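Heads up, the thing below is written out as C-alpha cells.
Each value in this text was obtained by applying a stated rule to the coordinates, not by laboratory testing. Remember, predicted model here, so these are calculated numbers, not experimental data. Note that we place each Cβ from the backbone using ideal geometry, even for glycine, and neighbour counts take in every protein chain shown.
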Amino acid sequence: MTTSTILITGAAGWLGGLLSDALIADARTPNVRFILADIVEPKAPKNVEAVTIKADLTAKDPIDALFNTKLGIPDTIYCLHGIMSRGSEDNFDLGLKVNVDSIRLMLQAAREYGPKADAPIKFVFTSSLAVYGGPLPHVVTPDTIATPEGAYGMGKLTSELLVNEFSRRGFIDGRIIRLPTIVVRPGVPSAATSAFISGVIREPLKGIESLCPIGNSIDDPALELPSWVASPETTIKNFVQAMHVPGDKFLKHTRVVCLPGFTATVRDELEALEKVGGKKALDLVKFKDDPINRRIVSSWPPRFDNTYPLSLGFHVDEGGMEPIVRQFQKDIEAGIA
Ligand SMILES: NC(=O)c1ccc[n+]([C@@H]2O[C@H](COP(=O)([O-])OP(=O)(O)OC[C@H]3O[C@@H](n4cnc5c(N)ncnc54)[C@H](O)[C@@H]3O)[C@@H](O)[C@H]2O)c1
C-alpha cells in the first residue's frame, strides 16, 4: 500500500491541529504519517507514525532537519506557519522574517530535496484575502489583481509569487489557497481585527459578554457590514482537497485558488446567534463602534466568485451562518470549543 509522508509546519496552531486529524480520516490518503513542526511543541496524533519537531523555522538548519527525519523526504508539505494579521502589522520585521524569508527557505529546501522524492513535492501554502486592497470590483474573480494594503497581505502575496515561480520551473508542485475569514474560531479572543467575527458568537454561547466594534446598537445600519467567511469544517475539507487536485487542472499562469466562502453581515451572525442561543445569548453582545476596526474590515472584499474553486472540487458551506453557529454550540457541549 502506498504511504503518504506529510510535513505540516505551524502544526501546533489551530488549523494545523485540525488538519492532521482530517488527513488521517481521508480515505484518499492511505497509510499517512507525519512530520509535524512548529516553534511550539506540536501534539502527535494518536495511532499513526509521527515525528514532532519544536523549531524556529526562520533558519536553514532547522528547515533541513525537517527533510532528514527517520520518515525521509515528505511527498507533501502543508506550509501553515506564520505571523497573523495584527502580529505582522505591529512587528513588521518579524512578519517579513516568518511570512516571507522562512517560506523562501522552505521552498528552497523542497527544491533541493525534491529530486530525491518520486515527484516534485506538493507544497500547499495558506494565504489570505488580506492580499486584496484598494479599489475592488463588486465580486472578486481569479482575474482580480491583488494589491495589499497591509504587512500581512504583502508578506502572503510575496510568498505566493515565489510558490508560483517555483512551480512554473518544476521545482515543486505548488498549491496556494487564499482563505476566507474562518468562523467560529474557538479559544480565547485574539487581537486580530477580524476577531469579533468569531467573538460575537463564541463568547455569548458560552454565557460571556462580547464587545462588537461595529455599530452602537442592535438597530445600527452599520451591522449590515459584510464579510467573506467559511466554517472551520469546510475549510479543513478544502485543505485536504488542495493536495488532491491534479496539477494540470489549475489555471496555466497561477496556482492561486480563493477557497469558496459566503457573504455574512454582522446582522446575519446576530440573527443566527439568537436562533441558536436565544435572546439571552443575543443580550450578551454589547456594542461600541470602533471606526478604525470598521474601516479595516470594510476594506476587505466581501464577495468572491466561487465558480473556479468549485470546478476544482473544493467545497462550500450550505445554509449560511445558522448551521455554523449550531455546530459551534455542539462543540461547546462536547467540551472541544
Ligand atoms: N485562521 C484564519 O482565519 C486564517 C485566515 C487566512 C489565512 N490563514 C493562514 O492559515 C495558516 C494557519 O492559520 P492558524 O489560524 O492555524 O494560525 P495559528 O496562529 O493558530 O498558527 C500558526 C502557527 O505558526 C507557528 N509559528 C509562528 N512562527 C513560527 C516560526 N518562526 N517557526 C515555526 N512555527 C512558527 C505558531 O507557533 C503557530 O502555532 C496561517 O498561515 C494563516 O496565515 C488563517
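Summary of computed values
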read-out	value
Least to most buried among Thr234, Thr58 (fewest other Cβ within 10 Å first)	Thr58, Thr234
Violating pairs (Cα-Cα greater than 19 angstrom) within the set Lys116/Lys237; Lys70/Lys97; Lys206/Lys279; Lys43/Lys237; Lys46/Lys116	Lys116/Lys237; Lys70/Lys97; Lys43/Lys237; Lys46/Lys116
Size of charge dipole - the chain - debye, nearest 20, with Cβ of Lys, Arg +1 and Asp, Glu -1, no other charges	640
Spin-label model distance (nm) - Asn216 vs Thr147, 7 Å beyond Cα toward Cβ	3.4
Helix 14-25 axis, angle to the chain major axis (alpha carbon atoms, nearest 10°)	60
3J(HN,Hα) from dihedral phi, region 181-188, Karplus parametrisation 6.51/-1.76/1.60, rounded to Hz, x for glycine, proline	6, 9, 10, 9, 7, x, x, 8
Spin-label pair Asp101/His253, simplified geometry with 7 Å Cα→Cβ offset, distance in nm	3.3
Qualifying trypsin sites (Lys or Arg not before Pro) for region 108-183 [loop in DSSP, other Cβ within 10 Å: at most 15]	Arg169
Difference of contour (0.36 nm per residue) and Cα-Cα distance, Asn47 to Lys60	1.6 nm
Likely footprinting exposure, His138, His81, fewest C-beta neighbours within 10 Å first	His138, His81
Per-pair calculated FRET efficiency, R0 = 41 Å: Asp90 and Lys116 via Cβ, rounded to 0.05	0.55
Nonlocal amide H pairs with Leu225, under 5 Å, H built at 1.01 Å	Val266, Arg267
Ranking of Ile292, Ile24, Ile201 by count of other Cβ atoms within 10 Å, fewest first	Ile292, Ile24, Ile201
Region 248-337 - percent relative contact order, Cα under 8 Å, separation 6 or more	48
Tilt relative to the chain, helix 232-244 - C-alpha long axis, 0 to 90 degrees, to 10	20
Distant-in-sequence amide H partners of Ile35 (H built 1.01 Å from N, under 5 Å)	Ile6, Leu7, Ile8, Val51
Isotropic mean projected area of the C-alpha convex hull, region 245-289 (nm²)	5.9
FRET efficiency estimate (nearest 0.05) - Cβ-Cβ, Ala191 to Ala25, R0 41 angstrom	0.80
Positive dipole terminus of the chain, leading residue within Leu273, Ile214, Ile336 (C-beta point charges)	Ile336
Inverse mean reciprocal Cα-Cα distance (Kirkwood Rh) of region 1-135, Å	15.4
Cα shape, region 200-337, gyration tensor, a/c 1.5 rule	oblate
Degrees, to the nearest 10: 102-113 long Cα axis against longest axis of the chain	30
Theoretical ellipticity at 222 nm over the chain - DSSP helices of four or more residues, -39500 (n - 2.57) apiece, nearest 500	-11500 deg cm²/dmol
Separation of alpha-carbon centers, region 58-114 and region 310-332, rounded to whole Å	30
Three semi-axes of the equivalent ellipsoid, region 206-250, Cα gyration tensor, whole Å, largest first	37, 15, 6
Most positive-pole-ward Cα, Val188, Ile77, Val240, against dipole of the chain from beta carbon charges	Ile77
